[in-house]
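Data first, discussion second: the structure below is written as structure tokens.
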Amino acid sequence: MRAEIISVGTEILLGEITDTNSQYLAARLPAIGIDLYHQSTVGDNLARLSEAIERGLARSDVLIITGGLGPTDDDLTREAIADVLGETMFVDSEAENRLRAFFTARGVSFPERNVKQTMLIPSATAIPNPRGTAPGWWVEKNDKYIVAMPGPPAEMQRMWEHEVEPKLAQLGGAGVLVSRVLKTIGVGESHIDEMIAPLLNSANPSIGVYAKPDGVHIRLAAKADFQEAAWVLIAPVEEEARRILGTIIWGADNDTLEGVVGDMLDARGLTLATMESCTSGLLASTITDVTGAAQYYKGGFVAYSTQMKMGLGVSADIIEQHGAISAEVAGAMAAAARRDLDANYGIGITGIAGNDEVEGKPPGTMHIAVAGEFGADNISYTFYQGRQATKRRAVTTALFLLRRTLLAQAG
């Protein structure tokens, strides 16, 4: 069965928001046996949206539309579907009663324009949306299916998981695709490709190698009549890939580097403190994105100025001798954070995230250190990608360095 995704919203075309809905849906269709052949984005224009739906129905079995289900005049997904199918919309009185009750329960007056969100056509049934005011549409006509869901990701994802995916899974037919993503760090894409070269001729599962912000990912994808059979195909290839790559692999699928490193600290009863300069707290924020980080993360300092670094215990002599942007200062920052917060490990980051030279050093210069009971380890490099990407790369490198230290000290 062939699917097509249409994202609706002029704000997407203008770059005001990122279309994460299409990415989310594309990752989930293969597992229910539905092949995605086309994606498109259409602004809030009735003629262009109708054209996109008509084109989609001509070449696909299932259209999945997100966005355009709000109550305002520029929310046109319902109107476009009705236009293409030649059907007249009507108010679903039960849906209207539920929506009015929704507003009453919250002590808010009901805007009459929201009645628009309760409309249907004869070929459509409403899809419940407990997280918002806009029900979805499930449309069946001429052996074609249209699924319309709201644009806010929290609403769309809940609707997909609980209402839409189970129904589409029954339509998917024979053949499902499952995948395993192995995540590596510390070795470049071309070297990873060389290391697993003996596996790359596999057709089922297929293997892809991709450079990502958190390292290099290896995607193993297998297709079979049933998920269990597809996983059987993946298992021996995954086992061999893990044997070849060893500890280069830091995680799989939805794992995050901060989560994996946090689990390592937690499992060993170890604690961490940080002192960062050019990353401006991004390392601390990333570490504490993980549920339960309070078990192992004691806290951190954002020491942006040289004066603050010295105030926190970084020697003025080290700064004067080596400069504030140096491996020595990163090591002193890591040691000071560890000492001041009585942690097992400290991380220090100093560098240049902006696009100007500092101390005669080019943008993208980074010095990162991990200090522990058994000494210190550090990484220095120069690689500039713009302020935000440079800061993110430094945080990823810091977590990689901490993981490397933990593995080395585990024996």
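List of remarks:
- For the range 280-322, a residue qualifies if it is β-branched (Val, Ile, Thr), in contact with a strand residue (DSSP E or B) (Cβ under 9 Å, 6 or more places away or on another chain) and under 17 Å from Ala336 (Cα atoms), and the qualifying residues are Val302, Val314.
- Ala105 being under 19 Å from Asn129 (Cβ atoms), assigned by TED's automatic domain parsing to the domain that holds Val147, surrounded by fewer than 20 Cβ atoms within 10 Å (Cβ to Cβ) and more than 22 Å from the chain's Cα centre (by Cα): yes
- Count - residues of the range 346-384 that are polar (S, T, N, Q) and either within 13 Å of Ala334 (Cα to Cα) or outside any strand (DSSP E or B) (or both): 3
- Qualifying residue in the range 193-206 (condition: assigned by TED's automatic domain parsing to the domain that holds Leu76, charged (D, E, K, R) and surrounded by 12 or more Cβ atoms within 10 Å (Cβ to Cβ)): no
- Total residues in the range 232-267 satisfying the condition of being free of Cβ contacts under 8 Å to residues at least 40 places away in the same chain and assigned to a helix (DSSP H, G or I): the figure is 13.
A quick yes/no check of all residues on (1) farther than 26 Å from Asn201 by Cα; (2) surrounded by 22 or more Cβ atoms within 10 Å (Cβ to Cβ):
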site: Glu240; (1), (2): no, no
site: Leu245; (1), (2): no, no
site: Trp250; (1), (2): no, yes
site: Asp253; (1), (2): no, no
site: Val261; (1), (2): yes, yes
site: Met264; (1), (2): yes, no
site: Thr274; (1), (2): yes, yes
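- The range 71-92: number of residues that are of a type outside the set (D, E, K, R), surrounded by fewer than 22 Cβ atoms within 10 Å (Cβ to Cβ) and either modelled with pLDDT under 95 or in a loop (DSSP other than H, G, I, E, B) (or both): 6
- Positions within the range 14-44 being more than 15 Å from the chain's Cα centre (by Cα), more than 24 Å from Gln170 (Cβ to Cβ), surrounded by 16 or more Cβ atoms within 10 Å (Cβ to Cβ) and not small (Gly, Ala, Ser), in sequence order: Thr41, Val42, Asp44
- Among the residues of the range 293-309, those that are more than 12 Å from Met275 (Cα to Cα) and surrounded by 15 or more Cβ atoms within 10 Å (Cβ to Cβ) comprise Ala293, Tyr296, Tyr297, Thr306.
- Test for Ala124: is it under 21 Å from Ile17 (Cβ atoms), of a type outside the set (D, E, K, R) and crowded, with 18+ Cβ neighbours inside 10 Å: no
The values are calculated or read from the model by the stated rules, or taken from the named source; none is laboratory data. Every value quoted in this text rests on a predicted model; they were computed, and no experiment measured them. We place every Cβ from the backbone using ideal geometry, glycine too, and count neighbours over all the protein chains shown.
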